[in-house]
1. Could you check how many residues of the stretch 166-202 are at pLDDT below 90, surrounded by fewer than 16 Cβ atoms within 10 Å (Cβ to Cβ) and hydrophobic (A, V, I, L, M, F, W, C)?
2. For Thr279, indicate whether it is in contact with a strand residue (DSSP E or B) (Cβ under 8 Å, 6 or more places away or on another chain), of a type in the set (S, T, N, Q), open to solvent by less than 30 Å² (accessible area, probe 1.4 Å) and over 20 Å from Gly295 (Cα atoms).
3. List, please: which pairs have Cβ atoms under 8 Å, are six or more places apart or on different chains, and start with a residue in the stretch 59-82 that is under 27 Å from Gln149 (Cβ atoms) and end with one that is surrounded by 10 or more Cβ atoms within 10 Å (Cβ to Cβ) and of a type in the set (A, V, I, L, M, F, W, C)?
4. Do we find that Lys63 is within 30 Å of Gln156 (Cα to Cα), outside any loop (DSSP other than H, G, I, E, B) and basic (Lys, Arg) in this structure?
5. For the stretch 264-281, how many residues meet the condition of being assigned to a loop (DSSP other than H, G, I, E, B) and touching a Ser or Thr at 6+ places or on another chain (Cβ under 9 Å)?
6. Go through the stretch 282-301 and give me each residue that's part of a strand (DSSP E or B) and either open to solvent by 50 Å² or more (accessible area, probe 1.4 Å) or over 21 Å from Ile227 (Cα atoms) (or both).
7. Mind listing just one residue for me: the one in the stretch 205-220 that is open to solvent by 40 Å² or more (accessible area, probe 1.4 Å) and outside any loop (DSSP other than H, G, I, E, B) and, of those, modelled with the highest pLDDT?
8. So for the stretch 229-240 (the condition being part of a strand (DSSP E or B), open to solvent by 10 Å² or more (accessible area, probe 1.4 Å), aromatic (Phe, Trp, Tyr) and out of contact with any helix residue (DSSP H, G or I) (no Cβ under 9 Å at 6 or more places or on another chain)), does at least one residue qualify?
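The values are calculated or read from the model by the stated rules, or taken from the named source; none is laboratory data. On a predicted model such as this, the values are computed, not experimentally measured, just so you know. Methodologically, a virtual Cβ is constructed for each residue, glycine included, from the backbone with ideal geometry; neighbour enumeration extends over all protein chains shown. Ligands, DNA and RNA are excluded from the accessible area calculation, which covers all protein heavy atoms including side chains. Shrake-Rupley method; radii C 1.70, N 1.55, O 1.52, S 1.80 Å.
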Amino acid sequence: MAKKHLSVIIVPHTKTSTRTLCFSQRTLKILAIGGVALGLVLTAVLVDYVRMNVIRGRYRALKAETAEQKTMIAGYEKSISELQSTISHFESYAKKLNVMAGLKSPDILTTPAGIGGGGPDKEVPEAESDPNQVPAASGPQVISPGTIQNLSQKAQSIESNLNSLLSYFESDNLRLATTPSIMPTAGWISSVYGHRNDPFTGAWTMHWGLDVSTNIGNPIMATADGIVIKVETDKYLGKNVTISHGNGFTTIYGHMSNFNVKAGQRVKRRDIIGYIGQTGKAAGPHVHYEVFRDGKRVDPRSFLLEE
């Protein structure tokens, strides 16, 4: 019995003879299976290509989103750093205001152009007593920065403290006016309150004031309202002026070239009381500035609201 087969007759449009192709049943099955397999492979390749395109699109979107988030995080970190710096500044400022208000004991801070020896311990100038001493109270709680929540708590604490101080100062303008809270002259601090090597002997000695260097002849200002109680000259401070401000505060200004006030004269903050010089025991032109509180020398920087 003859095998079943399929004949395909090809008839060209030209006058050439026709061609006949014969395919056995087995061959047709193989071609059919091959065609189905090829179709499946092509379908799988197409599906994989589409899936990879979708994945690449998602990857590009995630990459762009990640870059944007990194930029935002960097911005947040910068903002938090600036906020920490601002809060630290306000905390320092509030601390000084607390000291001025008598709400917190002054802390002694850590220890050259024109600098001076300052001289030996002088007799403490007579200062007025403070009949209305403000009772001590704790300042704002120090919270270590590190999280936004901590920064928020710290800011709220400082805000509360500053509001209390504002109310206090509004009701006690006289105390504020008599607190030595400005620099005695425009210049730079060449020596601070604390122990140091004496510029003349090299010995380790206590420096009881603040040396502010600037040019000879520049004005020296009263740092608070008060009454001039001494205008004198000695071998250590040279030409110097002493002012009693009341509320326990007294200030001394040394190494002047000339005076601009007389004993018994009443002065206001920023009034010119003399001029920068190099008189007395001084290695360069500057003003040696001391602050007494209740008869004891204290660091002038504890009360400065400007430098």
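1. 4
2. no
3. Matching pairs, first to second residue: Ile80/Ile148; Ile80/Leu151.
4. Judged against the criteria, Lys63 is not a match.
5. 5
6. Of everything in the stretch 282-301, those that are part of a strand (DSSP E or B) and either open to solvent by 50 Å² or more (accessible area, probe 1.4 Å) or over 21 Å from Ile227 (Cα atoms) (or both) turn out to be Ala282, His286, Lys296.
7. Pro219
8. no
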